[in-house]
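Chemist: Mind having a look at this structure? Questions to follow.
The values are calculated or read from the model by the stated rules, or taken from the named source; none is laboratory data. Values in this document were obtained by computation on a predicted structure and should not be read as measured data. All Cβ positions, even for glycine, are placed from backbone atoms using ideal geometry, and neighbour counts span all protein chains on display.
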Number of protein chains: 4
Amino acid sequence: MIDNQKLATLLRSFAAERDWDQFHTPKNLATSISVEAGELLELFQWSRGQKDWNEVSDAAVRRRVEDELADILLYVIRFADKAGMDLQAIAERKIASNAAKYPADQFRGSDRKYDE
Amino acid sequence: MIDNQKLATLLRSFAAERDWDQFHTPKNLATSISVEAGELLELFQWSRGQKDWNEVSDAAVRRRVEDELADILLYVIRFADKAGMDLQAIAERKIASNAAKYPADQFRGSDRKYDE
Amino acid sequence: MIDNQKLATLLRSFAAERDWDQFHTPKNLATSISVEAGELLELFQWSRGQKDWNEVSDAAVRRRVEDELADILLYVIRFADKAGMDLQAIAERKIASNAAKYPADQFRGSDRKYDE
Amino acid sequence: MIDNQKLATLLRSFAAERDWDQFHTPKNLATSISVEAGELLELFQWSRGQKDWNEVSDAAVRRRVEDELADILLYVIRFADKAGMDLQAIAERKIASNAAKYPADQFRGSDRKYDE
């Protein structure tokens, strides 16, 4: 379980104590998600994926990956909290929508991005 | 609550049914988070944040924002599931680490990114 | 003028001297552009654009912006060099295509992203 | 050669005709570069780089890659034009700075991002 209410409350206090709520516009939080996503991606910048998940087995690398993943999750939770969005509901709805968009029998084993 | 175990299980089935697990390397999932973050950001590309959270009050805009936010969350959950990372634990650890990095009395009301 | 041939030649030597050409796949260079774009964006993470271009008047900020902009440009030039693409030609073609997509009389003063 | 003056002039007219100059703040142009970088990256989302540069040999793929690359370049040129930055000068300066940061004899054949 992710206790997003608990995390959202911690983030509200964090922002309130620093008077940072004023900076938390939709655009700035979307910007922050993108910035943190770039920092996560940087950890794999030159990788060609050949080591698969062994790539995150080293403890120091793993820690950095966890920190970036956490940053992204926290900004997603902050955004949803500010906008009054129910993350569990929209995530389930999106999975259902993806299942309809990519029927298993038509997309098996294919990464047909270009063919869409 | 976000039932990330439930969502992770749905995502595992989704990938297995399409034989897409092979594409889910750390780099490709980090790439996917970045791509979806870019799609969220695009919804605010020309905004200057002046409407604050009214910017997501229109139903059609709101729906698009929710879908992009869901995509990001789902890839974060998929990444953590593949890597065996505990999202609640790393999120709480990151909030504690941010609190130490940005003492409230030194950063109040300031967006001093440039001064770091 | 941007002497992209000169810059591409410098980048070729740079990669050859470090045996880094092997890492310069299309995906890795696209990744690098995204990573650097995130670093540029980070410099404006909490800005709400109110200072307009005065935001880059401070010498230290300006220098950081220039460095990130340069990184992006260099990866774009490297990508085009590896792929044999003519940047001037594709840039002019894209401007013409944008002009057709956004007729001036229909889009004047509007940031109608949501209406597309 | 990239005739960035010519392209910058075309972009100025493009913005003026639509009264879009007001949207071209540093943050919004940095946002736009990130958004377009995400669109380029999406074309390689599931790739593991195994086809190397054959990945962009298909004409339709190539065209999409060119269009995204052009968008990024155009926003870089627009940013530099608005900020009064000399792209050739800052690109050459950045290559020199990178050469000092990554001495060839210490980084040969290595993608030591994690060791930095």
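Chemist: Which residue, of A:Ala15, A:Ala30, is out of contact with any Lys or Arg (no Cβ under 9 Å at 6 or more places or on another chain) and either part of a helix (DSSP H, G or I) or at pLDDT 95 or above (or both)?
Modeler: Criteria check complete, one pass: A:Ala30.
Chemist: What are the residue pairs meeting all of these: first residue in segment D:73-96, first residue facing another protein chain (nearest Cβ under 7 Å), second residue in a helix (DSSP H, G or I) and of a type in the set (Gly, Ala, Ser), Cβ atoms under 6 Å, and 6 or more apart or on different chains?
Modeler: So the pair list comes out as D:Leu73/C:Ala91; D:Leu74/C:Ala91; D:Leu87/D:Ala80; D:Ile90/C:Ala70; D:Ala91/C:Ala70; D:Lys94/C:Ala70.
Chemist: Pull up segment A:10-39, narrow it to residues that are without any contact (Cβ under 8 Å) to a residue 24 or more places away in the chain, within 30 Å of C:Trp20 (Cβ to Cβ) and touching a Ser or Thr at 6+ places or on another chain (Cβ under 8 Å), then point me to the one that is nearest to the other protein chains (Cβ to nearest Cβ).
Modeler: For segment A:10-39, the residue satisfying everything is A:Gly38.
Chemist: Which of the residues that make up segment A:2-39 are surrounded by fewer than 19 Cβ atoms within 10 Å (Cβ to Cβ) and either among the hydroxyl-bearing types (Ser, Thr, Tyr) or at positive phi (or both)?
Modeler: The answer is A:Thr9, A:Ser13, A:Asp19.
Chemist: While we're looking at this one, here's another question. In segment B:74-85, is there at least one residue being surrounded by 12 or more Cβ atoms within 10 Å (Cβ to Cβ) and either aromatic (Phe, Trp, Tyr) or modelled with pLDDT under 95 (or both)?
Modeler: Checked against the condition, which is being surrounded by 12 or more Cβ atoms within 10 Å (Cβ to Cβ) and either aromatic (Phe, Trp, Tyr) or modelled with pLDDT under 95 (or both), segment B:74-85 yields at least one hit.
Chemist: Of A:Trp46, A:Trp53, which residue is free of Cβ contacts under 8 Å to residues at least 40 places away in the same chain, over 24 Å from B:Glu39 (Cα atoms) and of a type in the set (A, V, I, L, M, F, W, C)?
Modeler: A:Trp53
Chemist: Moving on. Might you let me know whether segment B:90-104 holds any residue that is closer than 17 Å to A:Ala91 by Cβ, buried (at least 16 other Cβ atoms within 10 Å of the Cβ) and modelled with pLDDT of 95 or more?
Modeler: There is at least one residue in segment B:90-104 that is closer than 17 Å to A:Ala91 by Cβ, buried (at least 16 other Cβ atoms within 10 Å of the Cβ) and modelled with pLDDT of 95 or more.
Chemist: Mind listing just one residue for me: the one in segment C:97-107 that is over 19 Å from the mean Cα position of the chain (by Cα) and more than 14 Å from chain B (Cβ to nearest Cβ) and, of those, farthest from D:Leu10 (Cα to Cα)?
Modeler: C:Gln106
Chemist: Still on this structure, I have one more. Can you tell me which residue among D:Asp86, D:Asp52 is at positive phi and out of contact with any strand residue (DSSP E or B) (no Cβ under 8 Å at 6 or more places or on another chain)?
Modeler: Unique residue meeting the criteria: D:Asp52.
Chemist: Could you look through segment C:40-69, keep only residues that are within 7 Å of chain A (Cβ to nearest Cβ) and surrounded by fewer than 23 Cβ atoms within 10 Å (Cβ to Cβ), and pick out the one that is nearest to A:Phe23 (Cα to Cα)?
Modeler: Here the residue is C:Trp46.
Chemist: Residue check, D:Gly84 against (1) over 27 Å from A:Gly49 (Cα atoms); (2) in contact with an Asp or Glu (Cβ under 9 Å, 6 or more places away or on another chain), all met but one. Which one?
Modeler: The one condition D:Gly84 does not meet is (2).
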